[in-house]
Every structure is written in C-alpha cells, then in structure tokens.
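**Student:** The structure under discussion is supplied below as structure tokens; questions concerning it will follow.
Each value in this text was obtained by applying a stated rule to the coordinates, not by laboratory testing. Only a predicted model underlies this, so the values are computations on that prediction, with no experimental measurement involved. Every residue, glycine as well, gets a Cβ built from its backbone with ideal geometry; the counts of neighbours run over all protein chains shown.
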Amino acid sequence: MVIRPIDVTDIDELLKLAGEAGVGVTTLPVNRDLLMDKIESSIRSFNEAVEDEWAFYFFALEDVESGKLVGVSALDARVGLDDVWYNYRISTTVNSSKELGLHQATQTLFLTNDMTACSELCSLLLSKPYRHGDNGQLLSKCRFLFLADFKEKFSPKIFAEMRGYSDETGHSPFWEGLGRHFFAVDFSHADYLSGLGNKSFIAEMMPQYPIYVPFLSTEAQKCIAQVHDNTRPALAMLEGEGFNFNGFVDIFDAGPLVEAFVNNIRSVRDSFKRQAVVVKNPQEMGGREPRPFMVSNRSFSSFRVGLVDALHVQADTVSIPQALAEALQIESGDIVRLVELRNKKGVRK
C-alpha cells in the first residue's frame, strides 16, 4: 500500500469510492465533474501552480499490486477564503435574578466564522474491503508527514470536521430539528448541495441569531457534538495524535470539530529523518510482531508514503526493500522522513 498524489486516471475509482461513502461525507459527493475539479485542483497544487493559501492536496491510497485507488484523504490549505465558512459554537447563556432567586444557564449555539483561514484535514474515505490492518492509519496519518516537511504552506492550526450522527437510512435528527425548518429539504439532499459548494448559501438561509438548545427536540439535542458510528475510529485516531474538541460543531449534522497546532501533532513532532539504504533482501522478522513506521520520500510534487518495520530503522539509516523503494521513488542515499504509525514509544531521534 502506497500513498501518492491523486491523478486524473483515478476518476472512475474515485467516483465509485464516493458512492460507498453514504450521507454525511460532504466533501465527496457522487458528482463526476466536481470530483474531477478536485483532482485537477490538487494537480495544480502539487505543481505549485496556485498560491499556497488556495492549495488543495488530494492523496490516494494505491494497492500497488492491482494499481487500484482504494482510499483518499486530503488537506485544504485554507478554508473560508472564497465562500464563507460557518460553524456553530457551543456556548452558555446565563440569566439571573436575585429578587426571584433564579440562576439559569442555557446551552446556546452561535453561528460563527472562527475557523476561517485555518487548514483542514478532509475527504478521508477508505474502501470497505480495505478497512483492516494498517490501511486506515496510513491513509489518515500520511498527511502529517506532508505537514512536517511543508509547514510553511499551511496555517499553524489545523482542524478536522467529523461526520455527525445519522442513522442507517441517512436521517439526521439535528437537521430535522433545526435546518429543515429553514431549508425545506431532506438531510441527504442538503448534504449533497453542500458538497457541490452551496454550504454557505444554505447557512445564510438559517437563523443568524443564537439557537437556544432546549428549544430543539430531545433527539436533536443528543446529536450535538456526537459522531457517526463509522467515524469513531477516525476520531480516536486524531485524538491519539493530539487533536481535541474545540467547542464548534457542523451546522448540518452537529458533528464535532477537533483541532491541533501543527507543531503539537504527534506524527509531526516525533517524526525524524534517516538516510535510505535500498536492500534487495530485507531482514526477516523472525516471528516477531511487526511494528510499522511510516516513511515518506519528502518530495513535494511526487510525495509518496509507505510502511517499513521498526526492525529496518537504525540510528542513522533505514533499510528500504527494493520493491517499496521503487514504489516510493527512493534511491540509496536519499534522506527520508519516518514516524511510528501508532502512538507508541518509537525509535529515538
């Protein structure tokens, strides 16, 4: 399994993958033209044909044996620079009266644009047959090695908008309790329109004043800052990297936003460099449990990431099996970047 920049030849596999996503993965609507626009935007970004703040980097997980795209993830350099970026901020409104002996604290949702100009982790999707082993971890965390080498192209703070709760039919209690009253369409259609770039338009149709949470249905209230069942592993993964809930939720499904400063992300902070040594016959594992490390070629336009075992990581060098080196476009003598895939004590820098 190798991470690489997405290409126009991936469009059919990407369209198929988007069809597997279901409702709530807003950034990957089943729309060929829009997905092709994303691919072409990524190609321009990797070729440095756009200003840094407008860049969008789209990564593909490729099964090298079959040549198939089996997963995607992305980095948006800045959000909210062309369309307004909306979230709800969970706040507390307090009303008090000494004469009546009353002191009432009420949870309130305020419409904000506070994440404008921040970088975003987005568009994480892995094909169902590949949701096992290290694939999900590699697909998500490869972006941190890109951040580690090219921090100057991103904001100091980065966030991820997690998919909110909806049931197996795509029914979102939060949307039904709030959004539908102001934009009379089903959640699935609102989600699709948002993916087409109409999120700010929908938000502007919704109330601009604070929303008192007790006015919402009990079902809608329970959804606030809760994630979809399929998203729990992705949330746990980000929390293990140092991301924390920041008090903001999505305006459609109330999914939580988690954020971190780039320098505090575990895979950025703990990553290190080694000189690559390409070997034809890598050392056998000898029956021990594998302990994978991500390794990137540190190239910008031809960025590649794969996995090697800790057994191959030495004090000054890392042994790269020849087949992997070819897939990563690495030669002996190249300086590569590594970090342990999971949040455990790794090789010391």
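**Student:** If each residue's Cβ is checked for other Cβ atoms within 10 Å, how do Leu81, Leu75, Leu100 rank with the fewest at the top?
**Tutor:** Values: Leu81 14, Leu75 25, Leu100 7.
Sorted ascending by nearby Cβ count, the order is Leu100, Leu81, Leu75.
**Student:** Just how large is the dipole of the chain about the Cα centre, in debye to the nearest 20, putting +1 at every Lys and Arg Cβ and -1 at every Asp and Glu Cβ?
**Tutor:** Details: 36 positive and 47 negative charges, 267 e Å.
Dipole magnitude for the chain comes out near 1280 debye.
**Student:** How large is the dipole of the range 206-274 about the Cα centre if only Lys and Arg carry +1 and Asp and Glu carry -1, each at its Cβ, rounded to the nearest 20 debye? Don't skip to the end; give the middle numbers.
**Tutor:** Numbers: 6 positive and 8 negative charges, 79 e Å.
My answer is approximately 380 debye.
**Student:** To make sure I understand the rule: partners must be aspartates and glutamates, Cα under 16 Å from the Cα of Lys141, and not fewer than 8 residues away in the same chain. Which ones qualify?
**Tutor:** Partners within reach: Glu62, Asp76, Glu120, Asp149, Glu161, Glu239, Glu241, Glu259, Asp270, Glu340.
**Student:** Name the residue, out of Asn264, Asn95, Asn244, whose mean-square fluctuation peaks in a Gaussian network model built on the chain with Cα pairs under 10 Å.
**Tutor:** Checking each option, the largest mean-square fluctuation is seen for Asn95.
**Student:** Under 8 Å for C-alpha pairs, at least 6 residues apart: give me the relative contact order for the chain, rounded to a whole percent. Intermediate results must be reported in sequence, preceding the final value.
**Tutor:** On the way: 704 pairs, mean separation 63.3, N = 349.
Reported relative contact order: 18 percent.
**Student:** Using the count of nearby Cβ atoms within 10 Å as a rough guide to exposure, how do Val227, Val295 rank from fewest to most?
**Tutor:** On the way: Val227 22, Val295 26.
Neighbour counts put them in this order, fewest first: Val227, Val295.
**Student:** When the helices in the chain are scored as -39500 (n - 2.57) per DSSP H run of 4 or longer and the sum is shared across all residues, what 222 nm value do you end up with, to the nearest 500 deg cm²/dmol?
**Tutor:** On the way: 10 runs with 86 residues, N = 349.
Roughly -7000 deg cm²/dmol at 222 nm, from the helical runs in the chain.
**Student:** Among (i) 1.02; (ii) 0.98; (iii) 1.07, find the value of Rg/Rh (Cα atoms, Kirkwood Rh) that was calculated from the structure presented, and write down its label.
**Tutor:** (i)
**Student:** Pick out which of Met237, Met162, Met205 has the largest mean-square fluctuation in a Gaussian network model of the chain, springs linking Cα atoms closer than 10 Å.
**Tutor:** Answer for the Gaussian network model of the chain: Met205.
**Student:** With the chain treated as a Gaussian network of Cα nodes joined by springs under 10 Å, which of Gly255, Gly71, Gly240 yields the largest mean-square fluctuation?
**Tutor:** Result for the chain, Cα springs under 10 Å: Gly240 fluctuates most.
**Student:** Fewest first, what order do Asp253, Asp52, Asp76 take by the number of other Cβ atoms within 10 Å?
**Tutor:** Details: Asp253 28, Asp52 13, Asp76 23.
The most exposed by this proxy come first: Asp52, Asp76, Asp253.
**Student:** Explain nothing, just compute: Karplus ³J(HN,Hα) = 6.51 cos²θ - 1.76 cosθ + 1.60, θ = phi - 60°, for every residue of the range 145-154 in order, whole Hz, x for Gly and Pro.
**Tutor:** 6, 5, 4, 4, 8, 10, 4, 5, 8, 10
**Student:** With θ set to phi - 60° and the Karplus curve 6.51 cos²θ - 1.76 cosθ + 1.60, what are the ³J(HN,Hα) couplings of the range 159-165 in order, to the nearest whole Hz, using x for Gly and Pro?
**Tutor:** Using θ = phi - 60°, the values come out as 9, 9, 9, 7, 4, x, 6 Hz.
**Student:** Additional query: Sort the range 70-136 into rounded, prolate or oblate with this rule: let a ≥ b ≥ c be the square roots of the eigenvalues of the Cα gyration tensor; rounded if a/c is under 1.5, and if a/c is not under 1.5, prolate when a/b is larger than b/c, oblate otherwise. Before the final figure, lay out each step's value.
**Tutor:** On the way: a/c = 5.69, a/b = 2.16, b/c = 2.63.
Oblate.
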